[in-house]
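**Student:** Here it is, the structure, as structure tokens.
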Amino acid sequence: MSALRHYQSGALAAKDFLCRTHIDARAGRPFVAMRLRSKIDGITHALPREFRAGFIDAIYLFVAAALQGKAPDLLQWDVLAEVERTS
């Protein structure tokens, strides 16, 4: 698998993580900061660094947009287009 495909897979995994975290929050489940660290370390430890980079970059893009008051709709968010646009 190419470095780009690993990166894109990481970005898509981050979007999936954000969607699940959002669903949990709406259901009243508490956010656990360790969950993000565990996800990053647990999922990415055996994968190429490009996967980890894509995961972290996608999380960053979402947080940056949210802090600007422009959080994307996670169901509609084209994370691959967003990471490509900002790279």
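**Student:** Among the listed residues Ala3, Ala27, which satisfies the condition of being at pLDDT 85 or above, under 21 Å from Ala71 (Cα atoms) and of a type in the set (Gly, Ala, Ser)? Lay out the reasoning, then the answer.
**Tutor:** Values: Ala3 fails: under 21 Å from Ala71 (Cα atoms).
Criteria check complete, one pass: Ala27.
**Student:** Can you spot a residue in the range 25-32 that is touching a Phe, Trp or Tyr at 6+ places or on another chain (Cβ under 7 Å) and either of a type in the set (Gly, Ala, Ser) or within 15 Å of Ile56 (Cα to Cα) (or both)? Before you say what the answer is, go through the steps one by one.
**Tutor:** Within the range 25-32, the first condition is being touching a Phe, Trp or Tyr at 6+ places or on another chain (Cβ under 7 Å), and the residues that meet it are 25.
Retained after the next criterion (residues that are either of a type in the set (Gly, Ala, Ser) or within 15 Å of Ile56 (Cα to Cα) (or both)): 25.
Taking every residue of the range 25-32 in turn, at least one turns out to be touching a Phe, Trp or Tyr at 6+ places or on another chain (Cβ under 7 Å) and either of a type in the set (Gly, Ala, Ser) or within 15 Å of Ile56 (Cα to Cα) (or both).
**Student:** Limited to the range 67-87, what total is found for residues that are over 16 Å from Ile23 (Cβ atoms) and not hydroxyl-bearing (Ser, Thr, Tyr)? Working first, answer last.
**Tutor:** Restricting attention to the range 67-87, the residues satisfying the condition of being over 16 Å from Ile23 (Cβ atoms) are 67-70, 78-87.
Still in the list and also not hydroxyl-bearing (Ser, Thr, Tyr): 67-70, 78-85.
Selection size over the range 67-87: 12.
**Student:** Further, regarding this structure: Pick from the range 17-60 the residues that are surrounded by 13 or more Cβ atoms within 10 Å (Cβ to Cβ) and among the acidic types (Asp, Glu): which of them is farthest from Ala81 (Cα to Cα)?
**Tutor:** Asp24
**Student:** Only one residue in Leu47, Leu4 is part of a loop (DSSP other than H, G, I, E, B) and either touching a residue at least 40 places away in the same chain (Cβ under 8 Å) or out of contact with any Cys (no Cβ under 9 Å at 6 or more places or on another chain) (or both), so which one is that? I'd like the intermediate steps shown before the answer.
**Tutor:** On the way: Leu4 fails: part of a loop (DSSP other than H, G, I, E, B).
It is Leu47.
**Student:** Is it the case that Ala58 is assigned to a helix (DSSP H, G or I) and among the hydrophobic types (A, V, I, L, M, F, W, C)? So that I can check it myself, show each step before the final result.
**Tutor:** Details: assigned to a helix (DSSP H, G or I): yes; among the hydrophobic types (A, V, I, L, M, F, W, C): yes.
Spelling it out, Ala58 is indeed assigned to a helix (DSSP H, G or I) and among the hydrophobic types (A, V, I, L, M, F, W, C).
**Student:** Among the residues of the range 43-58, what is the count of those that are farther than 16 Å from Asp78 by Cβ and at pLDDT 90 or above?
**Tutor:** Looking only at the range 43-58, we keep the residues that are farther than 16 Å from Asp78 by Cβ, and these are 43-53, 55-56.
If we keep only those that are at pLDDT 90 or above too, we end up with 48-53, 55-56.
Residues that pass the stated criteria total 8.
The values are calculated or read from the model by the stated rules, or taken from the named source; none is laboratory data. Since the model is a prediction, treat every value here as computed from it, not as a measurement. Cβ: placed from backbone, ideal geometry, glycine included. Neighbour counts: every protein chain shown.
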